[in-house]
Every structure is written in C-alpha cells, then in structure tokens.
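Only the coordinates and a few stated rules stand behind these numbers; no lab work does. Note that this is a predicted model, so its numbers are computed, not measured. Cβ sites come from the backbone with ideal geometry, for glycine too, and all protein chains shown count toward neighbours.
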Amino acid sequence: MDNLDDLKALWLSANTDPLPQPAEMLRMVKKFRNQKIRRKVIIIVIALACSCIMLWGIFFDHATMVTTYIGDVLLIISCVILAVTNIRSVKRFYELKDCTNSEFVQFIERTRQNQIYFYKKTQVIAMSVSSVGLMLYWYEFVHHNATLTIIIYSATVVYLAVMWFVVRPRVFKKNARKLNEMLERLEKISKQF
C-alpha cells in the first residue's frame, strides 16, 4: 500500500504548469493550419494572376521575336508549378481538421519532409525555368542597344543571384526553424503525457 501512496503523491506533485491545456493545443493546431492555408491561397492567387497577365501579353502584345514567346511560356510554366505545388499543400492542410496530438506531430514531420523536397527539387526546377524565361523575355526589348542590354542583364543576374543565394536559403532556414521548434514542443508535450 505504501507504493501506491508514493505513486499517488508523486502523481499529484508533478508540475503541469508548462503543459498546455487541451484547448491551447487545439488553438495552436488551428492557428498553424489557418496561417498556412491563408499564405498558400495568397501565393496561388498571385501565381495565377501573373500567369493570366502573361497570357494576356502573349495574345495582345504581338512580340516580333520568338524568344519573347518562349520566355513568356517559361514564366507561365514556373507560375503554374508554383500554383500546383501550393494547391497540393492547401489540400493537405485543409484535410487537417480534427486530429490527435500524435497525428499532428506526424503531419508536422511530413510537412518538414515536403519542405525539404520543395527546397531541393521543386523550387530549383521552378526557379531555373523562371530564370531562363526571364532572360529570354528581355532579349527582344534590349538587343538593339548594347548598353541597355548590359544594364538590364546585369540587373537581372544580380536579382536572380540574390534570390537564389540569399533570399531562398534564408526563407528555408526560417521556415525549417519554425517547424522544428513546433515539432520539438509537440514531442516534448507528448513525452510528458
């Protein structure tokens, strides 16, 4: 009987203050879900709007060089890649309505794996297609003037280099850090239960 009393005393003396209440966990899941859905819907709308503007440009701008059309098509393809990958993500996040803590931890882990895949594969393909498309698109407008060509292409290369080597890794690290912090917090909570 002494062991039972010791166990009961230990159970009652456990500090549960750092543990979130179930309502807080539910709020955290909903906030995470709604935040991600909102961001992804905005990205989808912007990508589709850019695609529509470029399609309008193809049909009504009457470019004289084929490089402009190829550049437009490549830029549209990169926007479609961006929209499709985000539509898939919205579907995943939308299906995350009522879940247990362990299911949410698995969902976060899967989100982290998808984020790594997007960074290493999908984003590389989309940015490469977009970069080539942008370079081809500018050619018709600047090929008559050597100085303008050098200025525009230099600015474009600098912009693409900054996006590729500075912005892209920083955004990935920031998002990965947020996911890892959330995953660690949830795993700590699961272990405490």
Quiz item: Angle between the Cα long axis of helix 123-142 and the longest principal axis of the chain, 0 to 90 degrees, nearest 10?
Solution: 20 degrees
Self-check item: Angle between the chain longest axis and helix 101-117 axis [Cα atoms, degrees, rounded to 10]
Solution: 30 degrees
Practice problem: Taking the Cα centre of the stretch 23-192 as origin, sum charge times position over the Cβ atoms of Lys and Arg (+1) and Asp and Glu (-1), and report the length of that vector in debye to the nearest 20. | Solution: 1080 debye
Quiz item: Can you give me the relative contact order of the chain as a percent, contacts being Cα pairs under 8 Å and 6 or more apart?
Solution: 26 percent
Practice problem: Quick one: among 151, 46, 37, which has the greatest mean-square fluctuation in a GNM of the chain with alpha-carbon springs under 10 angstrom? | Solution: 151
Self-check item: Selection from 86, 149, 162 lying farthest towards where the dipole of the stretch 23-192 points positive, charges on Cβ
Solution: 86
Quiz item: Each label point is 7 Å from the Cα along the Cα-to-Cβ direction; what then is the distance between the points at residue 180 and residue 146, in nm?
Solution: 5.0 nm
Exercise. Please give the length that would be gained between residue 41 and residue 125 if that part of the chain were fully extended, namely 0.36 nm times their separation in residues minus their C-alpha to C-alpha distance (nm, one decimal).
Key: 28.1 nm
Quiz prompt | Reachable lysines from residue 40, criterion Cα separation under 29 angstrom, eight or more residues apart if same chain | solution = 30, 31, 91, 97, 120, 121, 173, 174, 178, 188
Quiz item: Under a GNM of the chain (C-alpha, springs under 10 Å), which listed residue has the highest mean-square fluctuation: 146, 47, 176?
Solution: 146
Quiz item: For log10 I(q)/I(0) by the Debye sum over Cα atoms at q = 0.08, 0.11, 0.14 Å⁻¹, which listed value, (i) -0.25, -0.46, -0.74; (ii) -0.43, -0.67, -0.91; (iii) -0.29, -0.55, -0.91, comes from the coordinates shown?
Solution: (ii)
Exercise. Please give the contour-minus-distance gain from residue 115 to residue 28: 0.36 nm per residue of separation, less the Cα-Cα distance, rounded to one decimal in nm.
Key: 29.3 nm
Self-check item: Alpha-carbon centroid distance for the pair the stretch 116-193 / the stretch 43-104, whole angstrom
Solution: 15 Å
Quiz item: Given labels modelled 7 Å from the Cα in the Cβ direction, how far is it in nm from residue 99 to residue 166?
Solution: 3.6 nm
